Amino acid sequence: MFFHIVLERNMQLHPRHFGPHLRDKLVAKLMKDVEGTCSGRHGFVVAITGVEDVGKGLIREGTGFVTFPVKYQCVVFRPFKGEILEAVVTMVNKMGFFAEAGPVQIFVSNHLIPDDMEFQSGDVPNYTTSDGSVKIQKESEVRLKIIGTRVDATEIFCIGTIKDDYLGIISDPGAAS
Amino acid sequence: MGSLEPFNRLVKLTARAFYDDISMKGENQPKTSRGDNRGMAVVVLDALTRRQWVREEDLAKSLKLHSKQLRRILRFFEEEKLVTRDHRKESAKGAKIYSAAAAAAGDGQAGTKEGEEKVKLHTHSYCCLDYAQICDVVRYRIHRMKKTLKDELDSRNTVQHYVCPNCKKRYSAFDALQLISYTDEYFHCENCNGELIAESDKLASEEMGDGDDNARKRRREKLNDMQQRIDEQLKPLQAQLKRVKDLPAPEFGSLQSWERLNLGAFTHGDSCAADASRNAQGQYNGTPMPYLGDTKVDVELAGSGAKEEGAESGRNGAELKVLPPWMVKEGMNLTKEQRGETSNTSSNGDEKSEGKDAKKQDPKEDEKSIQDEYIKAYYEALKKRQEQEDAKMMQQEGHAFSSTHSERQLGTKTKREDGDVEDEGVEWEEQEPLGNTSEPYKFVDLNAEAPESGDEEDGIDWEEG
Ligand SMILES: [Zn+2]
């Protein structure tokens, strides 16, 4: 799920950036530092949408670096148990398949794949129904439901299922080619 | 507009299926305290099936519940999405409007007494059943129950575990990323690089027979059993849901629109019209006065009355309103409920059987028998009355005729005597006595009449000539 929230961060800026563009430099650095990172608490920071407040800088002894407390608005992405996501399959093996929804990695184990889909090994390993009408392979887009998340300080990993109504393949690149 | 009966049945079944053992206790009351109010939820829901919008105080009063207790129950049902509530600050006038609307809607029991009309600006709460939503909620609830069980049985939402056959190290699907091997299609142990086995497979292949396994088996059995019991016990409820599925749900609208509708300020085409019986009264353009609906009641003699009842689908099944005594006229095709013979306010009343027999009769037969009964009763009453009068005349001779009222021709009344229809007041048009009435009967003194009217004071309807 996406959230638009306000976060705070202490930014250290090298004295060479001090000047008329100090603020721009600060924001640019903030984006570079923060976007794409993950915190267990808030999820993935997708994008910074604005800077609310830059506090008074504090010169650090000995280095000359200045620390600014910065309040910024950003969009974060945090997966939840029970949430339905659309994801791209990245790897298929006998144990199930892996998929990505943006920065989130999801594993769907084979017992959470419908029983009528069987693993086919080969150049392009895949899960296929007996009549061949549905095929899940690398690059397939699937809709899945998250049944568990493991949230570490810097990483979120999810377990998903496609064994439910309206879950499974959305579009099948193999079928088109 | 939908018939209420199947929906009310649904509500009752729902109440008994899901809210039977709900205890509505305040947080600070110990569970063991006296006066366990389990079952109260069912009583309240049942009571609501017999009402439309009702002021919560009135409901509490008629259920003999403390209003706080009732409010707690209603709040619970509001959260359960079965009941719609409305709160508003209102003056005496506002309360009156509601009362009038309630009276027009034929609820009868909501009427404000004279003394209560001087309400200051108080917040009043009203509630009514939200039938359309109830159907959805109940259907969804059953669906969720079944799905949860089924998922549990299929172990759908469980995180797969893996075990290394060599070093017995256990992993879960969350470790999948670290376990991938790029040489084959299996997961490999981090310690010994052994090929991991999914745990359910392991249980299937090897017969470990350890405690864990047994526990799982028992759990499965329990789930299976539960699933069966759900199917069995919810069968009537599901049947009712199916029956109701394609029927339009009764819709009372918001409190305001309901009031306006029942007061007839709305045009008839209003989409949130109520059930047929209320429509009939709703079209009556009236000032907000209770009981103005009186003249509207179709007093059709015999046959047409019966037909009318059949045609009005709205009041066909469930709630036949208790007609106030002054509404009861001869020739009306009444059921027991309408006469109020069964107590409508009783809280646990399940009126499934009430008055069914009366309704089921073939209308024509019904009409004929009523006519017959009427004639029989008439003659009997006449005879009895004559005897009484004769006796009285003997006693009071002279005295009666000297009274100031003696000149008046008064309507008098008598009583139907035959068996089961006893309490009904019947009026006579005094000027047209049938046949062989003797003269003294015609001039009855008010004073003389009073003592014998006895128990049915409210049935008297004097017509002064
Ligand atoms: Zn191992």
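Structure above, values below:
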{"read-out": "Hydrodynamic radius of the stretch A:84-176 per Kirkwood, over alpha carbon pairs, in Å", "value": "13.1"}
{"read-out": "Computed label-point distance, nm, for sites B:Arg170 and B:Arg75 using a 7 Å Cα→Cβ extension", "value": "4.4"}
{"read-out": "Chymotrypsin sites (Phe, Trp or Tyr not before Pro) restricted to the stretch A:69-133 and DSSP loop, no more than 16 other C-beta within 10 Å", "value": "A:Phe80"}
{"read-out": "Dipole of the stretch B:136-243, positive direction: furthest Cα of B:Ala176, B:Gln233, B:Leu223, with charges on the beta-carbon", "value": "B:Gln233"}
{"read-out": "Within 10 Å of each Cβ in B:163-175, the average number of Cβ atoms from other chains", "value": "2"}
{"read-out": "Too-long pairs where the Cα-Cα distance tops 21 Å, listed order kept, from A:Lys145/B:Lys168; B:Lys61/B:Lys81; A:Lys135/B:Lys147; A:Lys94/B:Lys217; B:Lys146/B:Lys222", "value": "A:Lys145/B:Lys168; B:Lys61/B:Lys81; A:Lys135/B:Lys147; A:Lys94/B:Lys217"}
{"read-out": "Peptide-level mean, for A:151-159, of C-beta atoms on other protein chains within 10 Å", "value": "2"}
{"read-out": "From phi via Karplus (6.51, -1.76, 1.60), per-residue ³J(HN,Hα) for the stretch A:84-89 in Hz, x at Gly/Pro", "value": "9, 10, 10, 9, 9, 6"}
{"read-out": "In Å², nearest 10: area of B:Asp21 left accessible to a 1.4 Å probe", "value": "110"}
{"read-out": "Ranked packing of A:41-53, B:251-263, most packed first, by mean Cβ within 10 Å", "value": "B:251-263, A:41-53"}
{"read-out": "³J(HN,Hα) computed for each position of the stretch A:114-125 - Karplus, 6.51 cos²θ - 1.76 cosθ + 1.60, integer Hz, glycine/proline x", "value": "x, 4, 7, 9, 10, 6, 10, 7, x, 4, 10, x"}
{"read-out": "Per-residue average of Cβ from other chains inside 10 Å of A:96-106", "value": "1"}
{"read-out": "Burial order of peptide ranges B:136-143, B:177-184, A:133-140, B:157-164 (average beta-carbon count within 10 Å, highest first)", "value": "B:157-164, A:133-140, B:136-143, B:177-184"}
{"read-out": "Normalised contact order of the stretch A:2-77, rounded percent, pairs of Cα under 8 Å and 6 or more residues apart", "value": "47"}
{"read-out": "Derived scalar couplings ³J(HN,Hα) [the stretch A:37-45; Karplus, 6.51 cos²θ - 1.76 cosθ + 1.60; whole Hz; x for Gly, Pro]", "value": "7, 10, 10, x, 6, 9, x, 7, 7"}
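The values are calculated or read from the model by the stated rules, or taken from the named source; none is laboratory data. Everything numeric here is computed off the predicted structure, so don't read it as measured data. Here the Cβ is made from the backbone with ideal geometry for all residues, glycine too, and neighbour counts use every protein chain on show. SASA here: full protein model, heavy atoms, side chains in, ligands and nucleic acids out. Shrake-Rupley method; radii C 1.70, N 1.55, O 1.52, S 1.80 Å.
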